[in-house]
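Below: the structure, in structure tokens.
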Amino acid sequence: DLDEHGVRRDVAERPELSSGVVEFVAPAEYMVRPPQPPAYVFVLDVSARAVQCGLVTEVCQTILANLDKLPGGQRTQVGVVTYDASYHFYNLKSSLSEPQMLCVPDLDEPFLPLPSELLVNLQDSREQVEALLNKIPAMFANTTNPDSCLMPAIQAGTALMQHIGGKLLIFQIGRASCRERV
């Protein structure tokens with residue numbers, strides 16, 4: 001039924017007619033497995049150019065300010081990868097006194113040095129995540145390395161969350177300068 005303006009009379013009761021996006025929550029019988037926790041892997045360029053222009057500091061501060069806004073509540077998982085001429089993972093387990101950096105210089109065959117410990121629950125490892133984000137700008141403040149191995153870092157970040165999926169957030173200052181595989 002249409003009203004005098006040619007608009008359906010039930011438009012107010014039907015969100016799919018008035019909203020640009022509509023999400024329908026599927027009941028349990030439609031799920032093959034339980035939903036996975038939301039995962040976020042932050043991939044950050046720490047080359048000399050990124051440090052000099054302030055990208056590293058700005059990104060770390062922004063992530064810190066928005067940790068509470070990440071969806072998923074108590075189930076949210078996070079991981080951090082930084083890169084210049086090599087890429088670096090961070091062990092953020094809650095049992096550690098401070099974050100542990102693991103450097104992988106082999107760009108041809110990316111691998112995860114500690115596969116089960118690099119993606120952590122944000123609530124459990126909150127102190128380590130915050131400590132790392134506060135520490136990264138100082139760690140790379142004096143770098144003179146101009147290289148940026150973007151593609152291997154993306155592959156490493158993808159490998160980090162491949163078992164559950166998630167979002168890869170990449171922060172790159174400019175064109176990559178290391179050997180890139182297409």
Original post:
Any chance the stretch 132-141 includes a residue that's farther than 17 Å from C103 by Cβ, at pLDDT 90 or above, of a type outside the set (V, I, T) and surrounded by 17 or more Cβ atoms within 10 Å (Cβ to Cβ)?
Top reply: yes
Original post:
Here are L169, L102: which of them is within 20 Å of C60 (Cα to Cα) and open to solvent by 50 Å² or more (accessible area, probe 1.4 Å)?
Top reply: L169
Original post:
Name the residues in the stretch 109-130 that are in contact (Cβ under 8 Å) with a residue 40 or more places away in the chain and among the acidic types (D, E), would you?
Top reply: E130
Original post:
What are the residues in the stretch 74-99 that are in contact (Cβ under 8 Å) with a residue 24 or more places away in the chain and surrounded by fewer than 13 Cβ atoms within 10 Å (Cβ to Cβ), if any?
Top reply: Q74, E98
**OP:** Might you check whether a residue that is out of contact with any Leu (no Cβ under 6 Å at 6 or more places or on another chain), open to solvent by 90 Å² or more (accessible area, probe 1.4 Å) and among the hydroxyl-bearing types (S, T, Y) occurs anywhere in the stretch 39-51?
**Re:** no
Subject >> Filtered residue count, the stretch 105-131, keeping only those that are farther than 17 Å from L160 by Cα, charged (D, E, K, R) and open to solvent by less than 70 Å² (accessible area, probe 1.4 Å) >> reply: 2
Subject >> Residue list for the stretch 1-46, restricted to those being modelled with pLDDT under 90 and either β-branched (V, I, T) or under 21 Å from L132 (Cβ atoms) (or both) >> reply: V7, V11, V21, V22, V25, V32, P37
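The values are calculated or read from the model by the stated rules, or taken from the named source; none is laboratory data. Just so we're clear, the structure is a prediction, and the values are computed from it rather than from any experiment. Every residue, glycine among them, receives a Cβ derived from its backbone with ideal geometry; neighbour counts consider all protein chains shown. For accessibility, only protein heavy atoms count, side chains too; no ligands or nucleic acids. Shrake-Rupley method; radii C 1.70, N 1.55, O 1.52, S 1.80 Å.
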